[in-house]
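S.K.: Handing you this structure, nothing more for now.
The values are calculated or read from the model by the stated rules, or taken from the named source; none is laboratory data. A quick note: this is a predicted structure, and the numbers were derived from the prediction, not measured. Every residue, glycine as well, gets a Cβ built from its backbone with ideal geometry; the counts of neighbours run over all protein chains shown.
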Amino acid sequence: MISQLTVFLTNEKGRLAAACRTLADADINMQALFIADTADFGIVRIFCDTPARAAAVLAEANFRATLTPVIAVSVADEPGTLARLLEFCNEEAMNVEYGYCFSTAGGTAIDVLKIEGDGAETALADAGFKILAPEEVYVVDPS
């Protein structure tokens with residue numbers, strides 16, 4: 001499992017920019033950012049280089065930030081790889097709560113999945129999917 005930074009923001013002008021500025025000023029690099037919103041608040045999921053440090057920096061600046069365990073799967077950046085991954089999850093009765101993907105260098109992509117329950121990471125690895133360890137994705141915080 002890896003740690004994803006999850007930030008809860010009130011849905012008001014400038015709040016997302018302030019959170020991003022807080023991370024930038026702390027020299028934290030974001031590789032991906034995804035937003036789900038409602039009329040009152042937004043949930044921002046951030047894939048960054050130092051998630052534990054980022055959560056602490058945001059908390060110090062009065063943002064609600066937590067770390068969420070997710071699975072990062074490295075796949076070829078080509079049509080069908082996400083479909084195969086999700087079909088396997090479906091066949092194994094895994095409940096994918098949410099996911100997102102982004103491309104990386106060298107023709108690969110990272111599919112990030114939040115899967116309900118235990119055992120998904122092992123089942124995926126046993127089926128031949130390349131599960132990324134924290135040190136393959138970001139700087140592992142020494143704390």
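S.K.: Pairs under 9 Å by beta carbon, first residue without any contact (Cβ under 8 Å) to a residue 40 or more places away in the chain and not assigned by TED's automatic domain parsing to the domain that holds GLY99 in the stretch 4-23, partner acidic (Asp, Glu) and assigned to a strand (DSSP E or B), six or more apart or different chains?
M.R.: ASN11/ASP37
S.K.: Six or more apart or on different chains, Cβ under 9 Å: which pairs go from a residue in the stretch 97-112 that's assigned to a loop (DSSP other than H, G, I, E, B) to one that's at pLDDT below 90? Could you list them?
M.R.: Pairs found: THR104/GLN31.
S.K.: Given the structure, is ALA55 under 23 Å from ALA24 (Cα atoms), of a type outside the set (D, E, K, R), in the same structural domain as LEU23 (by TED's automatic domain parsing) and at pLDDT below 95?
M.R.: In short, no.
S.K.: Say whether the condition of being within 30 Å of ALA127 (Cβ to Cβ) and either acidic (Asp, Glu) or in the same structural domain as ALA125 (by TED's automatic domain parsing) (or both) is met by at least one residue in the stretch 38-52.
M.R.: Checked against the condition, which is being within 30 Å of ALA127 (Cβ to Cβ) and either acidic (Asp, Glu) or in the same structural domain as ALA125 (by TED's automatic domain parsing) (or both), the stretch 38-52 yields at least one hit.
S.K.: Step by step: first the residues of the stretch 25-68, then only those that are small (Gly, Ala, Ser) and under 21 Å from VAL137 (Cβ atoms), then the one that is nearest to the chain's Cα centre (by Cα). Which residue is that?
M.R.: My answer is ALA32.
S.K.: If you don't mind, another one. Considering only the stretch 1-37, state which residues are under 16 Å from TYR98 (Cα atoms) and modelled with pLDDT under 90.
M.R.: ALA32, ALA36, ASP37, listed by residue number.
S.K.: Taking the stretch 112-143, which residues are modelled with pLDDT of 95 or more and charged (D, E, K, R)?
M.R.: LYS114, GLU121, ASP126, LYS130
S.K.: Looking only at the stretch 27-76, filter to residues that are part of a loop (DSSP other than H, G, I, E, B) and of a type in the set (D, E, K, R); which one of those is farthest from LYS130 (Cα to Cα)?
M.R.: ASP40
S.K.: Just to be sure I understand, how many residues within the stretch 120-143 are assigned to a loop (DSSP other than H, G, I, E, B), under 19 Å from SER3 (Cβ atoms) and without any contact (Cβ under 8 Å) to a residue 60 or more places away in the chain?
M.R.: Total meeting the criteria: 2.
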